[in-house]
Amino acid sequence: MNYLNELNEVQRQAALHNQGAALVIAVPGAGKTRVLTYRIAQLIQNGVNPQHILALTFTNKSAKEMKERIVKVVGKTAHEVWAGTFHSIFARILRREAEKIGFPNDFSIYDTNDSKSLITDIVKGQGLDPKAYTPNSVFHRISNAKNNLISPEKYKSSSETVANDAAAKVPYVYKLYDLYMQRCQKSGAMDFDDLLYKMHELLAHNKEALAYYRDKFRYILVDEFQDTNPLQYAIIQLLIKYPGSPENIFIVGDDAQSIYGFRGATVQNILDFERDYPSLKVFKLEQNYRSTSYIVGAANDVIIHNKKQFKKTIRSERGEGEPIKLIRAITETDEAKHVAQEILVQKNQHQLKYEDFAILYRTNAQSRVFEEILNSHRIPYKIYGGMSFYERKEIKDALAYLRVIVNPLDEEALKRIINYPTRGIGDKTMEEVKAEAEKQDFSLWAMLKKSFIVPNITSNAAKYIKNFVEMIEMFRLRLLDSNAHELAVYAMKMSGMWDELKSEQTTEAKERAENLQELLDGIKSFVENDEMSTITSVPDKSLTSYLQNVLLLTDIEDDKTNTDRIKLMSVHAAKGLEFKSVFVVGLEEGLFPSAMVLNGKDARAGLDEERRLFYVAITRAELHLTLTYASSRTRFGKVEYNNNSRFIQEISPDWLGQNTATSTVKGLGVRKNNAVGFTQKTTISSPSQNPIGNFKASSNDKIAAGQKIQHERFGTGKVIATEGVADNKVAVILFEQGVGEKRIMLKFAKLMIL
């Protein structure tokens, strides 16, 4: 058993634990997977039949790595261990036992699209409004019910669920849930949630099956236990918790990394584990082998503010390291520029590769401005766990509308939006129109304008096409007298796209709506940016100019062979990963922590999960950690002036390095760091870019050299010179507080003479 020599003392004690319930609380970077693996290897070497061992994980990758590690220790017999994800293991069992719950053994497994298609059919059959009962929202409610062990019967009789559905104006979800389950059973199909739900049904209602699997799985191990939902824990309890049971359950997790509440996971499972197993043996892995002392010190400072938790203190085994950088930017664009600059500095100073860096944000919509700045600097990047902002469906749809407004001959954009949102112009109709256009040598747009002469299409289809054409022409009439933002907002509302995204209340739909809003905010920033474009050198703010700008930003060759790229991702997607240098951006109240969470039903629990999310973010860093926030940010079409996140305030100045002029941090003072012996000299200031009372823009004709002025975003400054005349007049202004010199088009400027 020489492999045990690789473990520290606490890891070794956990791996050698023999009988009874055990809980391993593992801080980030503590080597929990190694403990779990060696625990299984130790059981096998002590004579336990590997077929009696059940190891449950959350990813196939984790299960594969676990088996590979065990094979290295005990040989091929490790392949006999039942190791896999909850879904894969239970699907394997249900293939054998399905007939006991009324399903064929060769049952189909519906993916999400299959499920939503079935829901669409049921909604239509019941004569319900498809705009209210969208497939996404109904599927989300059914999934949530299953994962909380709520059957269709319980759903219907629950006053809480009935009230929630009534408030959301979908009072018949209970009926749809019942019909959905019936239709699945008739089709011999289970969805992904059913692989858990039906496994619980099998064990709860079939004594023979329950006895068999209790005897078979004598040792159960669960990785990332903090991510389990009530249904998963209920299945585990059925298998391990019964009179006379040796309760050989071994769970590994960290309550401080429970961040998937929106998926139904509950931190209470791990917090209540000790109550459920009074004889529990607890092992705390508090040595972090990933991050430096500055980083783990900040992590300890933050997580201690959560009330419900297992108390623990991370200790770094990586050395002292360097202080955490804290950057205050003026705007979100300024923030992205600072991050790009800091990446280049760190890359050169520490001989790092681009792949050593990660930029982490709270919402995927934040990626837009970073993509634009990185592209403009020709810095390679990759969106991890998602897609580029401009590759998302809702963004492609919105840009397709804007492209058609500028150029209705754009056939690809036209085909993309003609029936989105659904307006009764189906594929068959479009095939007929396209065939006739080719026959008469017309463009698709010209043929649509003459749709009444297209053979083989219905009068209704011709009417719907006529309405679409009139809508686009109405948009085009505004090209001359509307800027890009005004026209984009108008088009999104009048086309129905905005209402389409806002009508659903699922997490996914809300994110798509956020992305669309971020696109509109980006267009507004383009319009209101007083500086000359460094990309197009075109001063006008028309929709044509904006589309040209976006094209030049995003049309960069994607070299698939180049793996040396910065990773951009949400904090949720970053869990389980680590990078030499991490930038956690957008650290403002209302963004991180999220306003949606702070204003939610259970704000206290929501804030705790947001804090755990921040804890996960900062512990992804190995050597360098940079925290950034913007004093102002365009959100929901308006410029918001922000306070920095409470999470920044929770970090002791001991761990923060000296900041530059543009990185002033309000509320942090001078403090001697006794632990590592440097003096913190953070400036306390009231940023000049904050709006002054009674701001009123002066006439641009009156702006002249030598004047002191106030800009809503950049603060106070002095006009050095003016150039040009009339609409092309430019002011050169030196702003204070580290903003520096800027060239501003007076046609679009909002300046107040002081």
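The values are calculated or read from the model by the stated rules, or taken from the named source; none is laboratory data. Worth saying up front: this structure is predicted, and the values here are computed from it rather than measured. Note that we place each Cβ from the backbone using ideal geometry, even for glycine, and neighbour counts take in every protein chain shown. Just so you know, the surface numbers come from the protein's heavy atoms only, side chains and all, with ligands and any DNA or RNA stripped out. Shrake-Rupley method; radii C 1.70, N 1.55, O 1.52, S 1.80 Å.
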Quiz item: What Kirkwood hydrodynamic radius, in Å, does region 1-131 give when the mean of 1/r is taken over all pairs of distinct Cα atoms and then inverted?
Solution: 17.8 Å
Quiz item: Computed FRET efficiency, Cβ-Cβ of Asn419 and Leu480, R0 35 Å: what is it to the nearest 0.05?
Solution: 0.80
Quiz item: Expressed as a whole percentage, what fraction of the accessible surface of region 189-321 belongs to carbon and sulfur atoms when a 1.4 Å probe is rolled over the protein heavy atoms?
Solution: 49 percent
Quiz prompt | Using θ = phi - 60° and Karplus 6.51 cos²θ - 1.76 cosθ + 1.60, couplings along region 575-582 (whole Hz; Gly, Pro as x) | solution = 4, x, 9, 8, 9, 5, 9, 10
Quiz item: Given the Cα-Cα distance of Asp301 and Glu473 and 0.36 nm per residue of separation, how much length would full extension add, in nm?
Solution: 56.1 nm
Quiz item: For region 268-347 and region 372-432, what is the separation of their Cα centres, given in Å?
Solution: 39 Å
Self-check item: Loop-located chymotrypsin sites (Phe, Trp or Tyr not before Pro) in region 569-654 whose Cβ has at most 14 other Cβ within 10 Å (DSSP)
Solution: Phe636
Practice problem: Determine the gain in length on full extension of the stretch Asn529-Lys638; use 0.36 nm per residue of separation and subtract their C-alpha separation, reporting nm with one decimal. | Solution: 37.9 nm
Practice problem: First compute the accessible area of region 112-186 with a 1.4 Å probe, then give the percent of it belonging to carbon and sulfur atoms. | Solution: 51 percent
Quiz item: Where only protein heavy atoms count, and the probe is 1.4 Å, what is the accessible area per residue for the chain in Å²?
Solution: 45 Å²
Quiz prompt | Spin-label pair Glu322/Lys216, simplified geometry with 7 Å Cα→Cβ offset, distance in nm | solution = 5.5 nm
Quiz item: Around Ala721, what is the net charge, scoring Lys/Arg as +1 and Asp/Glu as -1 over all other residues with Cβ under 15 Å from its Cβ?
Solution: +3
Quiz item: If the chain between Lys76 and Lys186 were fully stretched, how many nm would it gain, using 0.36 nm times the residue separation less the Cα-Cα distance?
Solution: 35.4 nm
Quiz item: What residues have an amide H closer than 5 Å to that of Leu221, excluding those fewer than 5 places away on the same chain, when H is modeled at 1.01 Å from N in the peptide plane?
Solution: Leu54, Ala55, Leu56, Phe250
Self-check item: 5 angstrom amide H check on Leu326, placed H, neighbours 5+ away
Solution: Leu627, Gly657
Practice problem: Could you name the aspartates and glutamates whose alpha carbon sits less than 16 Å from that of Lys72, not counting residues in the same chain fewer than 8 places away? | Solution: Glu6, Glu80
Self-check item: Pairs of lysines in region 379-492 (C-alpha under 20 Å apart; 8 or more residues apart or interchain)
Solution: 26
Quiz prompt | Pair Ser459, Ala132: separation of 7 Å Cα→Cβ label points (nm) | solution = 3.1 nm
Exercise. Apply 1/(1 + (r/R0)^6) to the Cβ-Cβ distance of Lys311 and Arg275, taking R0 = 22 Å, and write down the FRET efficiency to the nearest 0.05.
Key: 0.85
Quiz item: So, counting K/R as plus one and D/E as minus one, what does the shell of residues with Cβ under 10 Å around Phe583 add up to?
Solution: -1
Exercise. Return, ordered by residue number, the residues of region 493-513 whose backbone nitrogen is under 18 Å from a label point located 7 Å along Cα→Cβ of Met596.
Key: 498-513
Practice problem: With a 1.4 Å probe and every protein chain kept in, tell me what percent of the accessible surface of region 1-104 is carbon plus sulfur. | Solution: 46 percent
Quiz item: Can you run phi through the Karplus equation (6.51, -1.76, 1.60; θ = phi - 60°) for region 314-321 and list ³J(HN,Hα) in whole Hz, with x for Gly and Pro?
Solution: 6, 10, 7, 10, 9, x, 5, x
Practice problem: Run a plain Debye calculation on region 113-265 (Cα atoms as equal point scatterers, no solvent) and give log10 I(q)/I(0) at q = 0.10, 0.17, 0.19, 0.21 Å⁻¹, rounded to two decimals, same order as the q list. | Solution: -0.44, -1.05, -1.18, -1.31
Quiz item: Given labels modelled 7 Å from the Cα in the Cβ direction, how far is it in nm from Val489 to Glu9?
Solution: 6.5 nm
Self-check item: Binned Cα-Cα distances of region 42-194, short to long, each 5 Å bin given as a whole percent
Solution: 2, 8, 15, 15, 15, 11, 10, 8, 6, 5, 3, 1, 0
Exercise. Can you tell me which of 351-357, 131-137 comes out highest on packing, and rank the rest after it, using the mean Cβ neighbours within 10 Å?
Key: 131-137, 351-357
